[in-house]
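Taken together, the values in this text are just the output of simple stated rules run on the coordinates, not laboratory data. Keep in mind it's a predicted model, so treat the numbers as computed, not measured. Note that each Cβ is placed from the backbone with ideal geometry, even for glycine, and that neighbours are counted across all protein chains shown.
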């Protein structure tokens, strides 16, 4: 039976049938519960959202290359860390050059390796979330269903990339571009990172509209595939997010 045929009322959905990946992608933005219910039925392919996200990241990479320049990106990052900037200023020329090359390759590589890094992060994060929802909230989720739910829940991140790209093309000053916070989707984007307390800036950056949207979707998806109340999914997801944010703020307070 193909995707356009109507199922009789009350008929069971055969294992493996259901929405296409494109339908699951579209429903993530319009009717997310349908996407996650389809994953729960056993349709766990996640390569399409990964490809879509990677494509948008590479568009951002190209935009930065054309409009900002990677040396400028690295210089901006160093300038936002006075301690690092002072240390480099006192270092021998050869050491400064080597440090600059390492920073340049690492910054570019982080975006170019996006698909690999995304798979690693989702794989590890899903393992933690799978254990949390099953052993603490008595869920029945499979690891594969959590992985798939995570990839689809992450799709709103493309909106952040689009906004960042638009800001760059709209004429953002290259010397003010911050690769760590490139889109106006959080409170930190409206603060001067060089003049704001590091802990406060980290907290403000964490309060990101797209991130919260993603967390809401992931909480919903986790609850659905695990067969538990949605509040349980939200508690599991936002609980871990709060721990990570508090840890990041603490580190910023100590090192800032």
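Tell me, 66, 220 in order of fewest to most beta-carbon neighbours within 10 Å?
66, 220
Roughly how many whole Å is it from the C-alpha centroid of the stretch 165-201 to that of the stretch 50-72?
The two parts, judged by their Cα centres, are 16 Å apart.
How fast does the stretch 181-240 diffuse by Stokes-Einstein, in µm²/s, taking the Kirkwood radius from C-alpha pairs at 10 °C and 1.306 mPa s?
125 µm²/s
How tilted is helix 70-79 with respect to the longest principal axis of the chain? Cα atoms for both, answer in degrees (0 to 90, nearest 10).
Around 70 degrees separate the two axes.
Which residue, 92, 156, 49, tops the fluctuation ranking in a GNM of the chain built on C-alpha contacts under 10 Å?
Largest GNM mean-square fluctuation: 92.
Springs between alpha-carbon atoms under 10 Å, Gaussian network over the chain: tell me which of 57, 74, 116 tops the mean-square fluctuations.
Residue with maximal mean-square fluctuation among 57, 74, 116: 116.
Between the helical axis of 47-67 and the dominant principal axis of the chain, each derived from Cα atoms, what acute angle in degrees is found, rounded to the nearest 10?
The angle comes out at about 20 degrees.
Could you list 130, 47, 240 in order of exposure, starting from the residue whose Cβ has the fewest other Cβ atoms within 10 Å?
Placing the least packed residue first, the sequence is 47, 240, 130.
By counting other Cβ atoms within 10 Å of each Cβ, how are 102, 224 ranked from fewest to most?
If I rank by nearby Cβ atoms, fewest first, I get 102, 224.
Over the chain, what relative contact order in percent results from Cα pairs under 8 Å that are six or more residues apart? All intermediate terms of the calculation are to be shown ahead of the outcome.
Details: 284 pairs, mean separation 60.3, N = 256.
With pairs under 8 Å counted, the relative contact order is 24 percent.
Between 68, 52, 243, find the one with the highest GNM mean-square fluctuation for the chain; connect C-alpha pairs within less than 10 Å.
Sorting by GNM fluctuation, first place goes to 243.
Note the angle between two axes, namely the Cα long axis of helix 230-255 and the longest principal axis of the Cα atoms of the chain, as a number of degrees from 0 to 90, rounded to the nearest 10.
Value to nearest ten degrees: 10.
I'd like the distance between the alpha-carbon centres of the stretch 125-142 and the stretch 28-42, rounded to an integer number of Å.
The stretch 125-142 and the stretch 28-42 have Cα centres separated by 18 Å.
From the list [x] -0.39, -0.70, -1.24; [y] -0.31, -0.60, -1.34; [z] -0.34, -0.63, -1.22, can you say which value of log10 I(q)/I(0) by the Debye sum over Cα atoms at q = 0.08, 0.11, 0.16 Å⁻¹ was derived from the structure given?
[x]
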